[in-house]
Structure formats: structure tokens, C-alpha cells
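Contents: one structure, followed by commentary.
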Amino acid sequence: MTLLETRSLFRNLSPGPGGYSLKTRLYSIIAFLGLLPVLGVALALLAVELSRRDDAALDRVARGTINLERVNGLVYAVVMESRGIYMSADWGAAEPFANNLVRQLGELQDVARAWKADAIASQQSNIEDLAERIDQFVRFRTELVRLGKEESTTAARAFGDNDANRSVRTALNNNLHTVAHAYEQEIAKARTRVEADERYFLAILSAVALLGAAALGGGLLFVKTALLAPVLRMRDSMLHLAQGELDFAMDGRQRAREFAEMAKAVEVFHTTLVDRQKLNREARLLSDLNEWLQSCNTLGELYQMVAEFLGRLLPGCAGSLYIYANSRDVLESAKAWNGGKMTPAMHPDDCWGLRRGRPYTFGETEIDFRCSHLDPSVESEYCCIPILAHGETIGLLHLEFASENGEPRKEAIAEQRRLGLVCAEQISLAIANVKLRDQLRDQSIRDVLTGLFNRRYMLETCRREFSRAARA
């Protein structure tokens, strides 16, 4: 740490003529209250670790119980399918039972392997014995299916009723009962440990709650004496000044610097919210403009929508929209808004934006020239934005910037120019689409060589007129 940083630190920490600063007092409160969670975390770490360990053990025991239930269910299902094979007259009737039995035997072995891999240490030997009994049970039942398929269901019944098969089933049941009893004891032990840890954790929480209550009381006292009292004194002073009462004693210990910083932060926050609201409104209007433009059927509708939306999006801007005539030698005035002027026509060479092939803003640089299509008496700054679609210039968007107190603001002009460029992109595609749609429709009802209406136009016209005559 340098000498200047050390001096700055001691200057911030040491009381000035009016006492400690508001920032120092807030930091003191935060440091005081920050001791509580640190202490609570230190006291609760052991309880949380014990609880996590016990919960994990209880989960493993619970998973073992679930596996036990699944094994019991699958064994019972295998026995039922085996009886289905016994009672079948031939293999054709027994085959569905055999298929189910084979599938269930596979599931039984999968459960046994998963259980063996996840078994708790105290029950590992019991689970291994159970897995061996299950493998034995699976081999006998598989042999039963083979006999029913290759020989007869009678042979399968005889094999299933022999002493060896019954002894395997009895041994498996005994293993299942042993494991079930052992897991019941493990669950009881795990629950006992969980309850003990919960009591221990509750005691820790009670201690933390008592410490929190003490910290809350101390914090309230600290806030009242170190923060609230100076704020109230400053409020009283500001009220006296607002009411014109100057004959009161100003408390010199109050620090106005922090409150000025608070007011500045609120002002910045307010400005940010205003700008964000403005951007959201612009985005919404541009989205609506694009949606409405895509719904236009005629150029007249499109021009009216452009005038309506740009009049709302740029309320401080007068605008005009010019579109190239079919002869491509002049631009005709299509629409104007917010006081913009409608001129009969203009030549492309009268606009510097069209001649240079890029947006032109008059008044942006130190040396610029006014376009010839404007009235020479107009001194306001403006922007001419060529409208391009598919690499071809189809029109011109002209915006005249309104002056604020006699002088247009550079920031406002730049913002309006940005919005104008965005709108020009959307307008260009919409105009191109409408013109292309009109051109395609005209080509569908007129002969390409002669320009006369074709049979399609005659059929559509006859259908429309006949319907109109029928309604009349």
C-alpha cells in the first residue's frame, strides 16, 4: 500500500469536523451484522455435515428396501408366470407366459446386481448370498422354460414341482426374510441417528437465534444513534430551508456530501429508467410497424401506416416519403407527417443523399451543402436517407429536425437519425414486397406481349360480377 493510499484510508476512517461520515457508519453496521452469519455458519457446519452423512446413509438403506420390494415382486411374478406354463395345454398357450417369465428373470438379475453394487457395508454378505440364491432361482426357472418349449408343459410342471426346485424357492424366501429383517434394523438405526442430529441441530439453531436477537437489538440501537439521528437532523434542516425559515441552528456535524451522492445516484437511476422506457417504446413501435407493414395490400395503406408510426416514433421530426416513379427519372411525394411538406416531384440529382448513395445529414459537419429539393428559406437541420431494397434505390426518407431553444441538440439528432435508418430498412422491404406482389398479380391477369387482360382476368371478373348480380 502506498503512502497516499494509507493517508486516504486514515482520512476516511478518522472523524472530520462533523463526526464520522455516513459511509463509515454504514460500513460499521455491515461489519457488525456480518459477524452473525459468520458465527452461524461456524456453528452449523458440523450439524450440517452430520445431517448430510445421516441422510445419505438413510437414502442407501431406503434404496435397499426398494430393491427388496422389487425382488419380492419379481419373484412373485415369476412364480405366477410359471404356474401359467404349468396350466397351459401346449407350448403355443404357454409361450406368452414364458416370454414374460424370461423378461422378469432378466429384470431380477439386473436388480440383484445393482443392489449388490449399492449395498451398505454391514449387509454386503447378506446381499451376496441373496444374489447367489437369485442366480440359482433364475437357472431353475430358465430350465423350466426350456423343458416347456423343447419337451412339453407336463415335463415343465414335473420339473417345477420337484424337491430341488422347492428347496431353491425356500432358500430364496429365507434369504429375503433375513435381508428384510436386517434392513428394518438398519432403518431404525439410521432414523435414530437422524433424530439425534436433528435435536443437536435444533440446539444450535436456538443458540444462533439468541445471538441473532442480541445482534438485532444492538443493530437497532446502532442504527438509531449512528444513522437515523443524523438523517432526521438533515431532514429537519431541509424542511426549514424549504419553508424559508432561516433562523435555526445548523448542526455542523452533519455531512451533506453523502446525501448529495445519494441524490446523484437517484438521478442517474431515474435517467436510466427513462432511457430504458424510451428504448422499450421504440422497440415496441418498430415491432408493430414491421407487423403492420407486412399486412399491407396496397402502397396507399403502406404509406399511411409509415406516416402514422413515424409520426409517433419521431414526434419532434417532420418527415416526408418519396418514391421513384415507374419511369425512374423522378421521385414522387408519397406521404408527409408532423408538418412535412408534400412536393409534386423531385429529381434524383436534387438530393445529395441519392447522389452519394448514402444517408446525408445537413449540419453534421463544418462544411456541407443544402439539397436543391428543399425550400432555401428553411434553415433547420435535416437528414436524407435513401431507401434501398435488393440492391436498388426505391425511394427517399427525408427527416427535418426540430430545434430546441433555437438550437437542435446533437444527441437528439443522432438518435433520430439512428431511428430513421432502422425505419428505412423496414420500409424498403415492405415497399419491395408490395410492388413485387402487385407486379406478380398484374402478370397473372395480363398478357406479357400485348398487355391485354387474359382469360384468368375474364374468369375472375365474371365470377365476381355474377355473384354480385345474384346477391342483387
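P(r) tail for region 23-211, what percent of Cα pairs lie past 29 Å?
47 percent
What number comes out for the charge environment of D375, summing +1 per Lys or Arg and -1 per Asp or Glu over other residues with Cβ under 13 Å away?
On the way: positive: K341, R370; negative: D350, E379, E400.
Here the charged neighbours net out to -1.
Can you find, among F309, C384, Q294, the residue farthest towards the positive end of the dipole of region 278-431? Put +1 on the C-beta of Lys and Arg, -1 on that of Asp and Glu. Of the candidates, Q294 comes out farthest on the positive side.
Measuring against 30 Å, Cα to Cα, the residue pairs K410/K435; K341/K435; K224/K278; K341/K410 contain K410/K435; K224/K278 as the ones spanning a longer distance. Rg over Rh for region 56-168 works out to 1.06, using Cα positions for both radii and the Kirkwood form for Rh.
The E184 and K278 beta-carbon pair, evaluated with R₀ = 41 Å, returns a calculated FRET efficiency of approximately 0.05.
Site pair R328 and R113 shows an inter-label distance of 7.6 nm when each label is modelled 7 Å from Cα along Cα→Cβ.
Full extension of the chain between E198 and A470 gives 89.2 nm of extra length, using 0.36 nm per residue less the Cα-Cα distance.
How would you rank 358-368, 179-189, 391-401, 80-90, highest first, on the average number of other Cβ atoms within 10 Å across their residues?
Numbers: 358-368: 13.5, 179-189: 15.5, 391-401: 19.9, 80-90: 17.1.
Put in order of decreasing packing, that is 391-401, 80-90, 179-189, 358-368.
Each listed q (0.28 Å⁻¹) maps to a log10 I(q)/I(0) for region 146-200 from the Debye sum over equal C-alpha point scatterers, namely -0.97.
Using just the Cα positions, wrap region 278-431 in a convex hull and report its mean projected area in square nanometres, one decimal place.
Working: hull surface 36.3 nm².
Its average projected convex-hull area is 9.1 nm².
Counting Lys and Arg as +1 and Asp and Glu as -1 over every other residue whose Cβ lies under 12 Å from the Cβ of E95, the net charge comes to -1. Restricting region 280-389 to trypsin sites (Lys or Arg not before Pro) that sit in a DSSP loop and have at most 15 other Cβ atoms within 10 Å of their own Cβ leaves R328, K341, R370.
Read-outs throughout are calculated quantities, based only on the coordinates presented, and are distinct from any laboratory measurement. Just so it is clear, the model here is predicted, and its values are computed rather than measured. All Cβ positions, glycine included, derive from the backbone under ideal geometry; neighbour counts span all protein chains shown.
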